[in-house]
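Rule-based calculations on the coordinates, nothing more; no lab input. None of these values were measured; they are calculated from a predicted model. Methodologically, a virtual Cβ is constructed for each residue, glycine included, from the backbone with ideal geometry; neighbour enumeration extends over all protein chains shown.
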Amino acid sequence: IIAGYINLRGILAYDTVADMKAAENLVNGSFAETYGFNARGDGGSAKYKIRTITNDDVVDEMSIIELADDTLIAELVASDSINVKQLGAKGDGTTDDSTVLSFAVNNFNNIIIPSGTYLVSSTITVTNNDVFIQGVGEPIIKINTINKGIDLTGVHNIRIDGVDFTSPKQKADGVNSTSHILSFYTC
């Protein structure tokens, strides 16, 4: 009887993605909700559908997460916009968030970047058209390497609002401009 209650096909809640990954009570067809990605309350809360992994699935640990039962995955249930913290971005100014930000802009069209400092140490090449990036609470994207940044070559209809960009070149030159970091191209 207890085993029947443990293996529910309902919504199970976990503090973090790590807690969900370690759970042994998830079954195909159930749903999970996390109260944060890296830590409870970090802004990365999300809902996931638990299902059997297929040969077409690519486990990226952002939108498709491997679980303790290696026959199952947790697939992010995304709405019309995605908060980068739901994909694992930390925005703590020391963790490299390049991979998460790159994944977000190339897989979603409406992206929310909440308050924080997001370190970028490699160029983020955007290949997705029609992307809207909305900063909430004055987030900063900190480019920590000269000649790195966001490459928008060949894409169109990219809109970025409410996000501040900084880089070592700005500090060295005393320039208060992001033209060397962010360029807009239209097709």
Please give me, ordered by residue number, the trypsin sites (Lys or Arg not before Pro) of the range 1-110 that lie in loop per DSSP and have at most 12 other Cβ atoms within 10 Å. R9
Short to long, in 5 Å steps from zero, the percent of alpha-carbon pairs of the range 26-149 per bin is 2, 11, 19, 23, 19, 13, 8, 4, 1, 0
Cut-off under 17 Å on the C-alpha distance; same-chain residues fewer than 8 positions from K21 excluded. Which aspartates and glutamates are left, in chain and number order? E33, D57, D60, E61, E66, D69, D70, E75
At 0.36 nm per residue, minus the direct Cα-Cα distance, what do N110 and R40 gain on full extension? Give it in nm, one decimal, please. 22.8 nm
Find how many whole Å separate the alpha carbon centroid of the range 109-158 from the alpha carbon centroid of the range 30-95. 20 Å
For Cα pairs less than 8 Å apart in space and 6+ apart in sequence, what is the mean separation divided by the residue count of the range 47-178, i.e. the relative contact order in percent? 17 percent
